[in-house]
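Worksheet for the structure shown next.
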Ligand SMILES: [Zn+2]
């Protein structure tokens, strides 16, 4: 599932090619996406047609397309796109065949198409007259790269009895992390994944450094591709080889040489080093 670095990679590959382009047509498959909800194509069309893409941004794991043109004032109408498990946003020449499982297509000026492709349909495309008012965005916690500091993280950890791994996966507490980068961050911070979150309070600086280190590695390598992830050009990411623990069960820890362990809780795999990350 794409996490913050993969979404950031899509945004960076998309922004220079999409910003300033005018949308001239919108098409949708009509099939339901996340939570069995079809895309509200009428609202999408009303927002997009004859408008320009003013900016492409990221918030947590959401891709935001801000729409508008000169004279629109300070509004923040736009689209919020979540890639779910297998979603892709591709910018391709209109003459190239559409991939199977294409669910939304925005035809742009000068003959290109922005395409949302999602075989498993856990992704979403939400139109909004005000992006700031979208509930899914309003409830997100701070972005660990730009909105979180050591004091804020310590305050959020205070009194939380849930395991630190569950804390970091909760998008309302910190936005953008998923299973891969949580495992990586906790390893870098030398914190056991099932330690109570409140106990990591005194290690907030190390934890924040671990989170940022793991995310920045992912971004520098243009995302982790386990199976599906590609950027808007269709290129896979190169971060798999840079992962320290995720997917490395029984291999030697790159820090201490002990064998990396895998455990399964809540149907998710957790990878950690039992020697570097003591309980
Ligand atoms: Zn180790």
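Please pick out the residue among 268, 279, 248 that is modelled with pLDDT under 95 and within 16 Å of the ligand (Cβ to nearest atom).
Values: 268 fails: within 16 Å of the ligand (Cβ to nearest atom); 248 fails: modelled with pLDDT under 95.
Sole residue among the options that is modelled with pLDDT under 95 and within 16 Å of the ligand (Cβ to nearest atom): 279.
So that you can scan it fast, the table gives a plain yes or no per residue for (1) in contact with a helix residue (DSSP H, G or I) (Cβ under 6 Å, 6 or more places away or on another chain); (2) touching a residue at least 24 places away in the same chain (Cβ under 8 Å); (3) surrounded by fewer than 18 Cβ atoms within 10 Å (Cβ to Cβ); (4) not in a helix (DSSP H, G or I):
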| residue | (1), (2), (3), (4) |
| --- | --- |
| 5 | yes, yes, no, no |
| 79 | no, yes, no, yes |
| 85 | no, yes, yes, yes |
| 95 | no, no, yes, yes |
| 98 | no, no, yes, yes |
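Pairs under 9 Å by beta carbon, first residue more than 18 Å from residue 206 (Cβ to Cβ) in the range 173-192, partner within 16 Å of the ligand (Cβ to nearest atom) and part of a helix (DSSP H, G or I), six or more apart or different chains? Note: pairs meeting the criteria are 180/214.
Residues in the range 220-279 that are crowded, with 19+ Cβ neighbours inside 10 Å, within 27 Å of residue 19 (Cα to Cα) and touching a strand residue (DSSP E or B) at 6+ places or on another chain (Cβ under 7 Å): 230, 232. For the residues 28, 73, 68, the requirement of being at pLDDT below 95 and more than 20 Å from residue 137 (Cα to Cα) singles out 73.
Of the residues making up the range 16-34, not a single one is assigned to a loop (DSSP other than H, G, I, E, B), out of contact with any strand residue (DSSP E or B) (no Cβ under 9 Å at 6 or more places or on another chain) and in contact (Cβ under 8 Å) with a residue 12 or more places away in the chain. Residue 210 meets all of the listed conditions (1) touching a strand residue (DSSP E or B) at 6+ places or on another chain (Cβ under 6 Å); (2) outside any loop (DSSP other than H, G, I, E, B); (3) within 16 Å of the ligand (Cβ to nearest atom) but one, namely (1).
Can you tell me which residues in the range 100-120 are in a strand (DSSP E or B) and over 23 Å from the mean Cα position of the chain (by Cα)? Steps first, please.
Filtering the range 100-120 for residues in a strand (DSSP E or B) gives 102-108, 112-117.
107, 108, 112, listed by residue number.
Can you tell me which residue is nearest to the ligand (Cβ to nearest atom) among those in the range 170-204 that are closer than 16 Å to residue 142 by Cβ and surrounded by fewer than 18 Cβ atoms within 10 Å (Cβ to Cβ)? By that ranking, first place goes to 170.
The values are calculated or read from the model by the stated rules, or taken from the named source; none is laboratory data. This structure is a prediction, so every number in the text was calculated from the model and none was measured. Cβ: placed from backbone, ideal geometry, glycine included. Neighbour counts: every protein chain shown.
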